[in-house]
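Note sheet for the following structure.
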Amino acid sequence: MALDNKIDNQDKPSIQDMIAKKKNGKNLTSITEKVIPVLLFLIAAVSIFTTIGIVYTLLIETIEFFKRVPVMDFFTGTALKPLSQNPEFGVLPLINGTIISSIIAMLVAGPIGIMTAVFLSEYASERVRRTLKPMLEILAGIPTIVYGFFAFTFVTPLIREVFPSVEATNILSPGLVMGVMIIPMIASLSEDAMTSVPNAMREGALALGATKLEVTFRVVIPAALSGIIASFVLGISRAIGETMIVTIASGSSKNFTFDITQSMQTMTAYIVEVSGGEAPAGSTIYFSLYAVAMTLFVFTLLMNLLARYVSRKFREEY
Amino acid sequence: MKYVDTNQVQKNMNSRLIKNNILKSVFFLATIFGLIVLAVLIFRVIMQGASWINMDFLTNKLSTSPDRAGIMGAILGTFWLMLVVIPVTLILGVGTAIYLELYAKKGRFQGFIQTNIANLAGVPSIVYGILGMTIFVRALDFGNVVLAGGLTMSLLVLPIIIVASQESIRSVPQHLSEASYGMGATKWQTVKNIILPAALPGILTGSILSLSRAIGETAPLVVIGIPALLIPFPGGIMDKFTVLPMQIYYWTIDSSLVEEYANLAAATIIILLVLLFLLNATAIFIRNKFQKRF
């Protein structure tokens, strides 16, 4: 049959020929088929190179820093005087500032975020939920520099009106504003966790005579706890890495203090201060930038890994 | 014989219901707390900055004198930055998503890239700034130009567009690509002609969202080193530049020296927020208009 066809249509290639030609693999289509996967693989590898790039640059310069400043002095030093005659590079004031601002932020974002999540997932009607949720997401889309401006020119003066002893740059105001910034993140992640609790469990409790409030606290929140904790940890990680709000509103005092009415510097704000100015490449203060950035990177990485671990390990399966 | 004391039950019930109702209001107040802050923030910024916005402010060059200062340079800088970020993130983001969803064998390596992307999304933006300063500004010696800033921003927002594109590609139903294979199309032909067009609305939405993140981000550019008072306009990707958020930053921290700078910062914030609003509105429009339900 095939032979007959070939004789009949001399000028047209037979299907057989076409298949044979395709198997040869010399035409454009099959070359494309071979090149594209390689190309896409190389593109996907960019994300890995980004990670390698971050770790490599931070590590190399951090090692250089620790050749000049002993590791112990860096991690246990309570004095940070990079510009003085006898410079001291203790990172504790920065870690202290970072932790305190994050605690303030979480004191705002934690309760309000979880209450928002409860309202949206347990109490609000579908219509209310659909109006409120996108509006909350606007809050997450506001650039951090705008929050910084708000903290510095509105919240701080407001606080100072009530408590005149508060300094013009203090850790309290950026901490509070940072909290507002993190609310949508905690609310939306916790709400996801709560809505994924099966309705049968709620109905069971309701049928036993529990009120909605009791259902929320005795059934829904315990069942969604892993997701809620993960959202908290991610919120903390976000607060630790936040830069512009604290840079603008908390000043650059490097005192080791627990007084939230005073100026404190966070790790991120220190990086901004040093990189934005007077540090010539190769000086110890320049390398300290990388050591602090490395500490920051490790902090947030651990938090993110912890969040993932919590939400995987302690997830209740239904 | 009565098994249940009705009065007692009634009494207990009442207090429990009251508690429920009170806390419902508390939860509602907590929900709108964020919105109230948002309203105050926007109201405050508009009150302070709206009267400063006029043609001169939009078209003038930067100046130390508040009355003559304009943000044309920052607007152009933001524009040039977008011109770098859009193609780079589209190629890298969509390429990675196609590879992960359609080409990579499900296994350890694919899982590794996926975890890596999730971790990159959690890296603070300022760390990307340090990466950009070390690699693009110093090692490759671009200097603090648009290209260096744009590449840094691209890496920063890459996880957003990758994840969005992946979700979009995943939601293209199997039977479309199977029909394409059944017609004799090769894999790449199927990807190019069937899957990508169907996934395009989701990809565009994701890329606009990542773009608006790049436009509002400040920290990486501070580290890269953007001059505080840059007079000449940027004319290409190898020029020094400033962007809207950087201008807000400098005017805010200098507002303790010159009071009017705070108003200029507020006016610039209005422009930035309008720009972001337009971008997001476009994203929502694309999502509603072109998203097909299969």
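The values are calculated or read from the model by the stated rules, or taken from the named source; none is laboratory data. Since the structure is predicted, the reported quantities are computational estimates derived from the model, not experimental observations. Note that we place each Cβ from the backbone using ideal geometry, even for glycine, and neighbour counts take in every protein chain shown.
Just a few scattered comments:
- Looking across the range A:259-283, the residues that are among the polar types (S, T, N, Q) and surrounded by 16 or more Cβ atoms within 10 Å (Cβ to Cβ) come down to A:Gln262, A:Ser263, A:Gln265, A:Thr266, A:Thr268, A:Ser275.
- Subset of the range B:137-155 [more than 17 Å from the chain's Cα centre (by Cα) and without any contact (Cβ under 8 Å) to a residue 40 or more places away in the chain]: B:Arg138, B:Ala139, B:Leu140, B:Asp141
- Members of the range B:217-244 that are within 14 Å of chain A (Cβ to nearest Cβ) and surrounded by 22 or more Cβ atoms within 10 Å (Cβ to Cβ): B:Glu217, B:Thr218, B:Ala219, B:Pro220, B:Leu221, B:Val222, B:Val223, B:Ile224, B:Ile226, B:Thr242, B:Val243, B:Leu244
- Take the conditions (1) within 30 Å of B:Pro197 (Cα to Cα); (2) in contact (Cβ under 8 Å) with a residue 60 or more places away in the chain; B:Lys105 misses just one of them, which is (2).
- Pick from the range B:97-125, criterion basic (Lys, Arg) and in a loop (DSSP other than H, G, I, E, B), ranking: nearest to the other protein chains (Cβ to nearest Cβ): B:Lys105
- Test for A:Ser226: is it of a type in the set (Ser, Thr, Tyr), in contact (Cβ under 8 Å) with a residue 60 or more places away in the chain and within 12 Å of chain B (Cβ to nearest Cβ): no
- Residue selected from the range B:245-259 under the condition touching a Phe, Trp or Tyr at 6+ places or on another chain (Cβ under 6 Å) and surrounded by fewer than 24 Cβ atoms within 10 Å (Cβ to Cβ), by the criterion nearest to A:Tyr290 (Cα to Cα): B:Asp254
- Within the set B:Leu209, B:Leu196, B:Leu272, B:Leu221, the sole residue that is at pLDDT below 90 and not basic (Lys, Arg) turns out to be B:Leu209.
- Residue tally, condition assigned to a helix (DSSP H, G or I) and of a type in the set (A, V, I, L, M, F, W, C), over the range B:213-267: 17
- Residue tally, condition in a helix (DSSP H, G or I) and over 18 Å from B:Ala283 (Cβ atoms), over the range B:155-197: 23
- Condition check for B:Gly236: of a type outside the set (A, V, I, L, M, F, W, C), in contact with a helix residue (DSSP H, G or I) (Cβ under 8 Å, 6 or more places away or on another chain) and under 19 Å from A:Ala249 (Cβ atoms): no
- Filter pass, B:Ser63 being assigned to a loop (DSSP other than H, G, I, E, B), among the polar types (S, T, N, Q), within 30 Å of B:Val258 (Cα to Cα) and away from chain A (no Cβ under 14 Å): yes
Per-residue answers, yes or no, for (1) farther than 30 Å from A:Lys212 by Cβ; (2) facing chain B (nearest Cβ under 10 Å); (3) among the aromatic types (Phe, Trp, Tyr):
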site: A:Ala124; (1), (2), (3): no, yes, no
site: A:Ile138; (1), (2), (3): no, yes, no
site: A:Thr144; (1), (2), (3): yes, yes, no
site: A:Gly175; (1), (2), (3): yes, no, no
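- Restricted to the range A:185-219, and to residues there that are within 14 Å of another protein chain (Cβ to nearest Cβ) and of a type in the set (Ser, Thr, Tyr), the residue that is farthest from the chain's Cα centre (by Cα) is A:Thr211.
- Within the range A:9-119, helices (runs of 4 or more DSSP H) holding 1 or more residues that are farther than 19 Å from A:Ile285 by Cα and aliphatic (A, V, I, L, M): A:15-24, A:28-68, A:92-118
- Verdict on B:Asn14 being out of contact with any Ser or Thr (no Cβ under 8 Å at 6 or more places or on another chain), more than 9 Å from every other protein chain (Cβ to nearest Cβ) and surrounded by 11 or more Cβ atoms within 10 Å (Cβ to Cβ): no
- Any hit, the range B:134-153, residues being within 14 Å of chain A (Cβ to nearest Cβ), touching a helix residue (DSSP H, G or I) at 6+ places or on another chain (Cβ under 8 Å) and over 30 Å from A:Ala293 (Cβ atoms): no
- Residue under evaluation A:Ala168, criteria (1) at the interface with another protein chain (Cβ under 9 Å from one of its Cβ atoms); (2) outside any helix (DSSP H, G or I); (3) surrounded by 18 or more Cβ atoms within 10 Å (Cβ to Cβ), criterion not met: (3)
- All of B:Ala164, B:Ala118 fail the test of being surrounded by fewer than 18 Cβ atoms within 10 Å (Cβ to Cβ), in the same structural domain as B:Leu90 (by TED's automatic domain parsing) and within 17 Å of the chain's Cα centre (by Cα), apart from B:Ala118.
- Residue match in the range A:265-276 (condition: modelled with pLDDT of 85 or more and away from chain B (no Cβ under 11 Å)): yes
- In the range A:104-153, residue modelled with the highest pLDDT [restricted to those that are among the polar types (S, T, N, Q) and over 27 Å from A:Asn170 (Cα atoms)]: A:Thr116
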